[in-house]
Amino acid sequence: ENCLQKISTSSSVKPSGIFVSPYALNLSSFTKLVRRLQEKHPGFSRGEIVEAVQEVRKMNKGVLSGLAISSIEEKASAIL
């Protein structure tokens, strides 16, 4: 019985019954970043902006975590 209770309390489902991916917030931040860059650089396509963000990731040892969104935005803007 204790084993079943432990399993049920460690699930990734919110009390409302909706599963929340641990990556959902990251996607939201990425979308927000791309929108901000599109507003700042309307002459560039979404694809070009995503490529610039990917370049920032490459320059940061393959990760974006740990960088502020404003810092990523500045570096991507410099690339664009």
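The values are calculated or read from the model by the stated rules, or taken from the named source; none is laboratory data. What you see is a predicted model; the values in this text were computed from it and never measured. Cβ atoms come from the backbone with ideal geometry, glycine included; neighbour counts cover every protein chain shown. Surface areas here come from the heavy atoms of the whole protein model, side chains and all, with no ligands, DNA or RNA. Shrake-Rupley method; radii C 1.70, N 1.55, O 1.52, S 1.80 Å.
Observations on the model:
- Within the stretch 29-53, restricting attention to residues that are open to solvent by 70 Å² or more (accessible area, probe 1.4 Å) and within 15 Å of the chain's Cα centre (by Cα), the residue that is nearest to Glu74 (Cα to Cα) is Arg36.
- Inter-residue pairs, beta-carbon under 8 Å, first within 17 Å of His41 (Cβ to Cβ) and in the stretch 58-80, second among the charged types (D, E, K, R), 6+ apart: Ile69/Lys32; Ile69/Arg36; Glu73/Arg36; Glu73/Lys40; Ala76/Glu55; Ser77/Lys40; Ile79/Glu55; Leu80/Glu48
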